[in-house]
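Visitor: Mind looking over this structure? Questions follow.
The values are calculated or read from the model by the stated rules, or taken from the named source; none is laboratory data. No experiment lies behind these values; they were computed from the predicted model shown. With ideal geometry, Cβ positions are generated from the backbone for all residues, glycine too; neighbour counts draw on all protein chains shown. Surface accessibility is based on the protein's heavy atoms, side chains included, excluding ligands, DNA and RNA. Shrake-Rupley method; radii C 1.70, N 1.55, O 1.52, S 1.80 Å.
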Number of protein chains: 2
Amino acid sequence: MVEDGREIPTLDEVARVAGVSRSTASRVINGRTYVSAKAREAVAQAVTSLGYSPNMLARSLAMKRTNSIALVVSEHGDRVLGDPFFARVLRGVHAGLAGSGLQLVLLMAQDEQDHGSMATYLTSGHVDGALVVSLHGEDPLPAQLVASGLPVVLCGRPLAKVEVPYVDSDNFNGAGQAAQYLIDQGRRLIGTIAGPRDMAVGIDRLSGWRRTLSMAGRPTDAIAHADFSLEGGMAAMEQLLTAFPALDAVFVASDLMAIGALHVLRGRGIRVPEDVAVVGFDDSGLAATSVPPLTTVRQPIEELGRTMTWRLLAQFEGDADLPPSVLLPTELIRRDTA
Amino acid sequence: MVEDGREIPTLDEVARVAGVSRSTASRVINGRTYVSAKAREAVAQAVTSLGYSPNMLARSLAMKRTNSIALVVSEHGDRVLGDPFFARVLRGVHAGLAGSGLQLVLLMAQDEQDHGSMATYLTSGHVDGALVVSLHGEDPLPAQLVASGLPVVLCGRPLAKVEVPYVDSDNFNGAGQAAQYLIDQGRRLIGTIAGPRDMAVGIDRLSGWRRTLSMAGRPTDAIAHADFSLEGGMAAMEQLLTAFPALDAVFVASDLMAIGALHVLRGRGIRVPEDVAVVGFDDSGLAATSVPPLTTVRQPIEELGRTMTWRLLAQFEGDADLPPSVLLPTELIRRDTA
DNA sequence: CAGATTTCTGGAAGCGCTCCCAGTCGGTGT
DNA sequence: ACACCGACTGGGAGCGCTTCCAGAAATCTG
């Protein structure tokens, strides 16, 4: 590193200039009690005249607390940075951190097997806790971190059987809401385009749909799986239409797939919602601007980030009876497709 | 904080278990020379058996180097997180950091006057350097940071007269390219929808356009300013059309504004590109998908992030003759509007 | 006014690491 | 045999801060 410019003042210098001991200087800087007004004044003076600001590193080392938390994305960074979902979570986290005095360290995998170095970084005292966004199903990272004693909160229900607190949208009941709504609208044969079988969101939304239908005595066999992509949604819709010609409603596990379904429906000259009703999930930007505007289940994504942060901070405080995990309520947004 | 689980092992313990001194243990952990094979082996053993990982805080304190840099956004976080420009810069920075062993700390203003606390954080030894994305014109932060001796690289040419290295797209020549292209296409009266007068991008793109036209002996008075918004672009287009009915080409300083202009043109029944040619700037996602697809000047945004990072790292290395700042070349992307 | 508090203060021991320095030990050269 | 040099090692002094502890000064008891 090049010439660093001026020397940066230390607590010792402040103390010397103020004519007090380092202890006393430290006390006034940290606003502690048992300091005379005179000493307080002198130190304050010295601080401003020297332009002193405490070295956080040293402070952290002494206090064993870093005042920063990590937002960990175990996926490769490039894939996730363009994702609006992630941007909204990040925004929520940022909002949740406001006023806490904590800093956010962003940690994204660089290579595919970067997990080792991430784990090392996280467990070696750099941060006080971690928020983990783990889109992938089988991620060993959360378990590792918890095992090392680092406070961790996950984004989304983990598939693995680990004791890690998480925050998630209430996918189960959200899907239920959608199904119930379709039933209430008098729909007779209600199908679903579900997500992958190996992702918690896919599983939960499917079982929510299934529960509500079967409790209403309806058949629950009109299921097609897809991968949350537009093309996947289209293919699944074709499939469903072929297998169940009488289908008059479909709950689609994501807005993007729902839009794919809409394409197929229009392509076949099937009217929405007259002939087939469509309900999506997410209420992403796409839903409001699609044609026709999509009826969908809104999940509160910013809220998710904010809640994760709150949960982690609460854990720092040592709040006794903290819910192990929290589910955020969803809301059915009525637009034109159902 | 709650019970932290197991005690985390220190270098001292490793040394004790390996039966060597702390110095020796440190040597093998840092892969330094002058260590006997036996000692090396013993320490390696101890490390794995104890699950030791060095405390970065302590290391940083001793070495006066933190191995992390900050990406600073002086704008309020909420405004910037949805911005695809920022996401792409971030992605570039992330890519640029790959393999460097440096961590990224994300710093965004929380309140409006959060600058003070950001400056404090940055100058108090938390990071080795800072990448500052300062969309606002008159931002005092860069100057403060540089004054404190922290290596800094800016994103975008600063308006203020400060000696801070920056990386920017070559807005001046990019706008020139667009203007030249329109001239070459045989356009006679070429206008521009320029950005705000108080933003460097606005100024540079305007003067690039102006330079090229005036060197070709063309008039440079068909100018309308707008604020980079869709609505602003629409209003400016109206204005231009009214003031210069003979206008047959327009260079618009951003894709979003260009799309606004397109709306207006279509609304008036003016054919694009037959009657009026339109060239945008950015090549954001919008450009390719607009109807008709927008001819535009591509600026390499990821590259911008990557270059900022490279510039900062080079500064760490103490590279002697580093360019004070670097301009990234732009490229004209021909589509259907010109 | 002696004695018990209650402020206030500085010394010193850490936090976990790096790195300089003085030293030990074998093996060369003459 | 001597000095000498290179590989190796451990002691110890920091890095800049917090915090415990014991002692000094000021204040309060009856």
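Visitor: With the requirement that a residue be out of contact with any strand residue (DSSP E or B) (no Cβ under 6 Å at 6 or more places or on another chain) and of a type in the set (D, E, K, R), what does region A:294-330 give you?
Guide: Those that are out of contact with any strand residue (DSSP E or B) (no Cβ under 6 Å at 6 or more places or on another chain) and of a type in the set (D, E, K, R): A:GLU302, A:ARG306, A:GLU317, A:ASP319, A:ASP321.
Visitor: Among the residues of region A:15-52, which ones are without any contact (Cβ under 8 Å) to a residue 12 or more places away in the chain and within 20 Å of B:LEU122 (Cα to Cα)?
Guide: A:ASN30, A:THR48
Visitor: Consider A:VAL152 carefully, then state whether it is open to solvent by less than 10 Å² (accessible area, probe 1.4 Å), under 15 Å from A:MET308 (Cβ atoms) and more than 14 Å from chain B (Cβ to nearest Cβ).
Guide: For A:VAL152, the condition - open to solvent by less than 10 Å² (accessible area, probe 1.4 Å), under 15 Å from A:MET308 (Cβ atoms) and more than 14 Å from chain B (Cβ to nearest Cβ) - is not met.
Visitor: For region B:292-324, which positions are loosely packed, with under 15 Cβ neighbours inside 10 Å, of a type in the set (A, V, I, L, M) and touching a residue at least 24 places away in the same chain (Cβ under 8 Å)?
Guide: B:LEU322
Visitor: Here are some residues: A:GLU274, A:GLU238. Which one is open to solvent by 20 Å² or more (accessible area, probe 1.4 Å), modelled with pLDDT of 95 or more and in a helix (DSSP H, G or I)?
Guide: A:GLU238
Visitor: Give me a count of the residues in region A:121-143 that are within 11 Å of another protein chain (Cβ to nearest Cβ) and polar (S, T, N, Q).
Guide: 2
Visitor: Enumerate the helices (runs of 4 or more DSSP H) found wholly within region B:1-97, keeping only those where 3 or more residues are open to solvent by 60 Å² or more (accessible area, probe 1.4 Å) and out of contact with any Leu (no Cβ under 9 Å at 6 or more places or on another chain).
Guide: B:37-50, B:56-63
Visitor: Can I ask one more? Starting from residues that are within 21 Å of B:LEU312 (Cβ to Cβ) and hydrophobic (A, V, I, L, M, F, W, C), keep the ones in region B:160-199 and report whichever is surrounded by the fewest Cβ atoms within 10 Å (Cβ to Cβ).
Guide: This residue is B:ALA160.
Visitor: Which residue is modelled with the lowest pLDDT, if the candidates are limited to region A:98-109 and must be open to solvent by 40 Å² or more (accessible area, probe 1.4 Å) and at the interface with chain B (Cβ under 8 Å from one of its Cβ atoms)?
Guide: Per the stated criteria, the residue is A:GLY99.
Visitor: Another one. Considering every residue within region A:78-94, establish whether at least one is within 16 Å of DNA strand D (Cβ to nearest atom) and either of a type outside the set (Phe, Trp, Tyr) or touching a His at 6+ places or on another chain (Cβ under 6 Å) (or both).
Guide: no
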